[in-house]
1. For K102, indicate whether it is over 13 Å from G11 (Cβ atoms), surrounded by 11 or more Cβ atoms within 10 Å (Cβ to Cβ) and within 16 Å of the chain's Cα centre (by Cα).
2. Please go through region 138-156 and pick out each residue that is farther than 26 Å from R90 by Cα and β-branched (V, I, T).
3. Considering only region 5-30, state which residues are farther than 18 Å from S84 by Cβ and surrounded by 18 or more Cβ atoms within 10 Å (Cβ to Cβ).
4. Run A103 past the list (1) at pLDDT 90 or above; (2) touching a strand residue (DSSP E or B) at 6+ places or on another chain (Cβ under 7 Å) and report the number of the one that doesn't hold.
5. Using beta carbons and a limit of 8 Å, which pairs, at least six apart or on different chains, have the first residue in region 70-84 and modelled with pLDDT of 90 or more and the second one of a type in the set (D, E, K, R) and part of a helix (DSSP H, G or I)?
6. Can you find, within region 105-137, the residue that is nearest to G3 (Cα to Cα) among those that are surrounded by 15 or more Cβ atoms within 10 Å (Cβ to Cβ) and small (G, A, S)?
7. Given the condition under 22 Å from R48 (Cα atoms), assigned to a helix (DSSP H, G or I), polar (S, T, N, Q) and open to solvent by less than 70 Å² (accessible area, probe 1.4 Å), answer yes or no: does some residue in region 87-97 qualify?
8. All but one of (1) under 21 Å from V4 (Cβ atoms); (2) exposed (fewer than 11 other Cβ atoms within 10 Å of the Cβ); (3) β-branched (V, I, T) hold for I63; state the number of the condition that does not hold.
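The values are calculated or read from the model by the stated rules, or taken from the named source; none is laboratory data. Since we're looking at a predicted model, the values are computed, not measured. Here the Cβ is made from the backbone with ideal geometry for all residues, glycine too, and neighbour counts use every protein chain on show. To get the accessible areas, we keep the full protein, side chains included, count just its heavy atoms, and leave off ligands, DNA and RNA. Shrake-Rupley method; radii C 1.70, N 1.55, O 1.52, S 1.80 Å.
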Amino acid sequence: MVGVDLTKIFGISELNPFEIISEVGVDMTKWPTAKHFTSRLNLAPNNRISGGRLLAHKKQKKINRDSQVFKMAAFSLQRSNHWSGDFYRRMKSRSGPLMATKATARKLAVVFYHMMSEKIEFQPIGSDQYQLELKEKKIKYLTKQASKMGMVLSPL
């Protein structure tokens, strides 16, 4: 119906795309970017920042059925063996299960948006490649921090 197989997204079952499309529709030109789309789903963070400092964050009270579908899909990924499961567990260790579910649901919504707007198939990366990219980012961050302190990192 939409030109791509939406059930290939991790956590999305056979009925979930119909539930989301019934709420959102097929036309993704209503939202210029994925950020606008996730904001409409209430999956974007609601942080009030002034001067680089977080003043308040507040849970939004409006509930969307489509955001609930993404949250249920994200919650089902907690024991999966692919990159989205790794992301969920990393966020859960950092911020707790509620924030991890919302952050993972946002990632799934962004994947959904790109699949629907650009009509491209979902091509997931492997868990090993995700872990390798995460490790490289961490090494780059630590190297940058060490150089700010006037130190040099060396591998063992």
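1. yes
2. V152
3. Once the filter is applied, which keeps residues that are farther than 18 Å from S84 by Cβ and surrounded by 18 or more Cβ atoms within 10 Å (Cβ to Cβ), region 5-30 yields V24, M28.
4. Of the numbered conditions (1) at pLDDT 90 or above; (2) touching a strand residue (DSSP E or B) at 6+ places or on another chain (Cβ under 7 Å), the odd one out for A103 is (2).
5. F70/R106; K71/K102; A74/K102; A74/K107
6. Top of the filtered list is S117.
7. Checking region 87-97: at least one residue is under 22 Å from R48 (Cα atoms), assigned to a helix (DSSP H, G or I), polar (S, T, N, Q) and open to solvent by less than 70 Å² (accessible area, probe 1.4 Å).
8. Tallying (1) under 21 Å from V4 (Cβ atoms); (2) exposed (fewer than 11 other Cβ atoms within 10 Å of the Cβ); (3) β-branched (V, I, T), I63 fails exactly one: (1).
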